[in-house]
Amino acid sequence: MVSQTPDVVAATGQANMLDRLYDSVLNIYRNHTFRVIIQAIITVWAVVTFTFFLVRLMPGNPIDVLIEQILVQEGISYQEAYDRVAASFDFDPDATALDQYFDWFGDVLRLDLGTSITSPGTRVVDEIARYLPWTLFAVGSGLLISFVLGIVLGMTMAYYRNSPLDHILSLFASFMTGVPNYIWGLLIIIILGIQLNWFNVGALRGTYDVNTTPGFNLPFIVSVLEHALLPIITYVVSTLGGWMLNMKSSTMSVLNDDYVNVAEARGLKDSRIITAYVGRNASLPLFTQLTISIGFVLGSGVVIEEIFVYWGLGHYLFASITTRDYTSMQGVFVILVITVVFANLIADLTYGFLDPRVRVSGQK
Amino acid sequence: MSQPMNDDVVLRVDDLSIVYQTKRGNVQATTNISFDLKRGQAMALIGESGSGKTTVSLSLIRKLPKNALITQGQVLYQRDGNVRDVLKLSKRELREFRWKDCAMVFQGSQNAFNPVLKIRTQFEDTARAHGWTDKNAVRERALELLRLVRLDPERVYEAYPHELSGGMKQRTLLALGVLLNPQVVILDEPTTALDILTQRAIIDVLNEMQQRLNFSIIFISHDLSLAAEMADVVATVYAGEIVEIGPVNDMFYDPQHPYTHGLLTSVPKLDHEQDFVSSIAGAPPNLISPPSGCKFHPRCPYATDKCSEDDPTLTGEKPDHLAACWNKDALLEAREEIARKELAQ
Ligand SMILES: Nc1ncnc2c1ncn2[C@@H]1O[C@H](COP(=O)(O)OP(=O)(O)O)[C@@H](O)[C@H]1O
Ligand SMILES: [Mg+2]
């Protein structure tokens with residue numbers, strides 16, 4: 001037998017250590033929770049960076065926009081207007097986009113979204129904190145209502161498939177998904193606001209009636225609901241059809257599953273079979289789609305809020321785009337992306353509670 | 001059957017006929033089937049695929065597909081002296097009857113358990129649906145039954161279905177099947193999807209359970225050797241009819257119907273349903289327009305003119321061993337001939 005030289009021993013020792021390090025890194029990566037979080041962080045960074053440069057590729061910049069305004073309003077020379085605007089802005093138009101990016105990104109890492117370019121001194125974070133809750137409220141309740149309604153109606157369609165009820169609901173659902181959400185917004189204004197005159201759309205600007213005092217009191221709550229109602233209806237109507245059709249097909253396939261048949265043979269009550277056996281299993285795929293839907297609806301919120309003059313984040317974003325207020329726009333994008341990714345993250349990490357099969361494979 | 005039901009009869013199927021209504025016509029899946037099942041007895045229904053075994057079993061708990069129509073007959077269960085026709089139960093009575101009086105393991109049911117609920121919840125659901133709400137008592141009984149089917153009771157009770165293997169799930173289902181002390185347990189090809197060793201284990205467990213709990217069994221199979229190990233009584237089903245019925249030994253050593261004889265002389269090839277009848281020439285008949293007379297006559301080596309004209313009824317020298325055949329003598333001669341040849345070799 002040949003004895004190993006110290007060199008070889010050291011080398012194998014090192015290799016073993018590397019192997020073990022590699023293994024443990026791999027193990028951490030294999031951990032579902034960890035991986036999902038890392039993916040979320042990378043997604044946020046990529047989208048935020050992308051939008052940063054996208055925003056700067058838009059024609060025009062905040063200075064030009066304001067100079068234009070001043071020129072029109074005050075009739076002074078271009079140079080005068082430029083000097084005045086440049087002095088009052090927290091923005092150096094001559095810095096390269098890359099420099100601006102590193103500057104801004106450093107601030108973001110310190111949780112500082114900067115101040116508005118067009119109204120210096122206004123912190124973007126404060127503005128977002130003012131607008132975001134309204135958007136979350138409207139979009140959140142819209143999605144929730146349409147999700148629950150969609151599940152109930154979809155199951156009904158599956159249970160009464162090929163009946164007149166099913167045919168009517170199917171037609172209704174296809175129509176609702178076929179029409180884009182902004183068209184729904186306009187249709188709702190025209191039908192509910194103008195034709196039927198149920199709502200005074202003009203009076204429903206903003207998110208609540210300024211004559212009420214914000215707080216836990218009935219007039220305020222009623223006015224909040226009044227203002228949010230039309231956007232919420234729009235979110236519901238534009239997403240409901242999808243849930244209904246998905247739930248119908250999902251329920252129909254679950255109804256053919258062995259365990260439903262066996263549950264009937266076990267003499268379980270219909271109510272128990274419909275909820276815990278059919279409904280629970282049939283809605284599983286819809287929860288995955290719910291996470292995707294959150295992003296879509298938040299995105300469509302920009303237009304819907306503008307149509308209804310609902311002062312949420314979308315309205316704020318729209319105003320920032322008009323004045324090319326880069327920092328505000330970026331701030332909104334950062335928050336939107338984080339909201340979507342965070343919602344996905346929560347959905348992903350909690351899905352295991354709904355489906356035990358994922359719980360185990362996720363941990364392996 | 002007009003005789004009164006003896007006390008020891010738990011299930012009587014009386015002149016039952018079922019058709020499936022399809023676009024191409026009515027499929028006569030079950031024709032004039034009658035039999036008695038006694039307390040603690042195991043009856044095997046055997047026959048080729050498509051002979052109507054599943055249809056009969058589903059009708060016993062009224063779980064037939066929507067296009068099925070029961071054209072005549074009765075399905076009588078007797079418990080504590082009360083006789084009830086399952087076909088006449090109200091919706092609510094039927095729900096209460098299911099599983100409590102008659103439990104069923106469906107054919108090809110690999111996923112009998114709801115994947116998102118623990119086994120425990122599914123036992124509790126079953127108990128609660130029949131008015132048994134004491135969870136501790138359910139648990140105690142369930143653990144006892146899981147032990148009886150040779151599973152690790154505590155672990156299985158708290159497990160989700162996907163954490164169990166196919167054989168374990170099937171045994172768990174057997175335990176769930178007897179949770180409410182049913183009088184009759186129907187098993188439709190309960191081992192077909194399982195490997196040979198698991199099949200053995202299931203059969204052993206079933207025999208042991210039946211001895212302990214004394215329920216009656218209807219065991220459906222295309223595998224004669226499996227049926228022989230389970231059954232006291234065997235019935236051969238051909239084209240929706242019982243063509244022969246008798247005690248298991250009589251059926252094996254003294255078959256009276258050419259179809260039973262054909263099944264016995266064919267060599268089973270493990271678990272391939274199609275292959276085991278290879279020694280009977282031809283294919284099962286079309287049940288939309290079945291052959292005249294004896295439905296087996298086109299495939300029967302002993303068929304005469306009479307067979308294509310008149311449908312034979314179940315008759316026999318012994319009262320408990322009946323066969324529907326005009327030419328029992330011809331079959332007997334043929335069997336003696338075969339026996340002589342085997343001796344000569
Ligand atoms: N839902 C149905 N509709 C029409 N025909 C059916 C239906 N189910 C079974 N059949 C037919 O009824 C006959 C008996 O089937 P089945 O009871 O499943 O036999 P087995 O269990 O012996 O294989 C077969 O010819 C089959 O094709
Ligand atoms: Mg079958």
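The values are calculated or read from the model by the stated rules, or taken from the named source; none is laboratory data. Since this is a predicted model, take the numbers as computed values, not measurements. Quick reminder, even Gly has a Cβ in these numbers, built from the backbone with ideal geometry, and neighbours come from all protein chains shown.
If the condition is being surrounded by fewer than 23 Cβ atoms within 10 Å (Cβ to Cβ), more than 16 Å from ligand 1 (Cβ to nearest atom) and closer than 14 Å to B:Ser109 by Cβ, then region B:175-194 contributes only B:Leu194.
Of the residues B:Leu263, B:Leu174, which is closer than 30 Å to B:Ser34 by Cβ, within 16 Å of ligand 2 (Cβ to nearest atom) and not in a loop (DSSP other than H, G, I, E, B)?
B:Leu263
Criterion applied to A:Leu192, A:Leu245, A:Leu186 was being outside any loop (DSSP other than H, G, I, E, B) and modelled with pLDDT of 95 or more, and the one residue passing it is A:Leu245. Within region A:204-242, being β-branched (Val, Ile, Thr) and outside any helix (DSSP H, G or I) holds for A:Thr207, A:Val210, A:Thr212, A:Thr213.
I'd like to know if region B:204-224 contains one or more residues that are out of contact with any Leu (no Cβ under 8 Å at 6 or more places or on another chain), basic (Lys, Arg) and either within 14 Å of chain A (Cβ to nearest Cβ) or not in a loop (DSSP other than H, G, I, E, B) (or both). The answer is no, given that none of the residues of region B:204-224 is out of contact with any Leu (no Cβ under 8 Å at 6 or more places or on another chain), basic (Lys, Arg) and either within 14 Å of chain A (Cβ to nearest Cβ) or not in a loop (DSSP other than H, G, I, E, B) (or both). All conditions in (1) of a type in the set (Ser, Thr, Tyr); (2) at pLDDT 90 or above; (3) in the same structural domain as B:Gln110 (by TED's automatic domain parsing) hold for B:Tyr259, with the sole exception of (3). Which of the residues that make up region B:94-119 are outside any loop (DSSP other than H, G, I, E, B) and within 11 Å of another protein chain (Cβ to nearest Cβ)? Passing the criteria: B:Leu94, B:Arg95, B:Glu96, B:Phe97, B:Arg98, B:Cys102, B:Ala103, B:Met104, B:Val105. Restricting to region A:247-289, and then to whatever is crowded, with 20+ Cβ neighbours inside 10 Å and away from chain B (no Cβ under 13 Å), can you tell me which residue is nearest to the chain's Cα centre (by Cα)? Taking the candidates together, the pick is A:Met247. Restricting B:Val27, B:Val75, B:Val56 to residues that are on the phi < 0 side of the Ramachandran plot, in a strand (DSSP E or B), of a type in the set (A, V, I, L, M, F, W, C) and within 9 Å of ligand 1 (Cβ to nearest atom) narrows the list to B:Val27. A residue that is acidic (Asp, Glu) and either touching a Cys at 6+ places or on another chain (Cβ under 8 Å) or more than 10 Å from chain A (Cβ to nearest Cβ) (or both) can be found somewhere in region B:120-137.
Residues that are in contact with a Lys or Arg (Cβ under 8 Å, 6 or more places away or on another chain), among the basic types (Lys, Arg) and part of a helix (DSSP H, G or I) do occur in region B:151-171. Given the condition over 21 Å from A:Arg280 (Cβ atoms) and either within 14 Å of chain A (Cβ to nearest Cβ) or of a type in the set (Lys, Arg) (or both), answer yes or no: does some residue in region B:148-165 qualify? Yes, that holds for at least one residue.
Quick check, is B:Ala142 within 13 Å of chain A (Cβ to nearest Cβ), out of contact with any strand residue (DSSP E or B) (no Cβ under 7 Å at 6 or more places or on another chain), in a helix (DSSP H, G or I) and surrounded by 17 or more Cβ atoms within 10 Å (Cβ to Cβ)? Full working, then the answer.
Details: within 13 Å of chain A (Cβ to nearest Cβ): no; out of contact with any strand residue (DSSP E or B) (no Cβ under 7 Å at 6 or more places or on another chain): yes; in a helix (DSSP H, G or I): yes; surrounded by 17 or more Cβ atoms within 10 Å (Cβ to Cβ): yes.
No, not satisfied.
Filtering B:Leu89, B:Leu45, B:Leu60 for residues that are touching a residue at least 12 places away in the same chain (Cβ under 8 Å), within 16 Å of ligand 2 (Cβ to nearest atom) and within 14 Å of chain A (Cβ to nearest Cβ) leaves a single hit, B:Leu60. Based on what the data block shows, is B:Ala227 part of a helix (DSSP H, G or I) and within 16 Å of ligand 2 (Cβ to nearest atom)? Criteria met by B:Ala227.
Summed over region B:59-72, residues that are within 10 Å of ligand 1 (Cβ to nearest atom) and under 14 Å from B:Asn32 (Cα atoms) total 1.
Is it the case that B:Gly40 is at pLDDT below 95, away from ligand 1 (no atom under 11 Å from the Cβ), away from chain A (no Cβ under 14 Å) and buried (at least 16 other Cβ atoms within 10 Å of the Cβ)? So B:Gly40 passes the test. I'd like to check something: does region B:83-102 contain any residue that is crowded, with 17+ Cβ neighbours inside 10 Å and within 16 Å of ligand 1 (Cβ to nearest atom)? So far as region B:83-102 goes, no, none of its residues is crowded, with 17+ Cβ neighbours inside 10 Å and within 16 Å of ligand 1 (Cβ to nearest atom).
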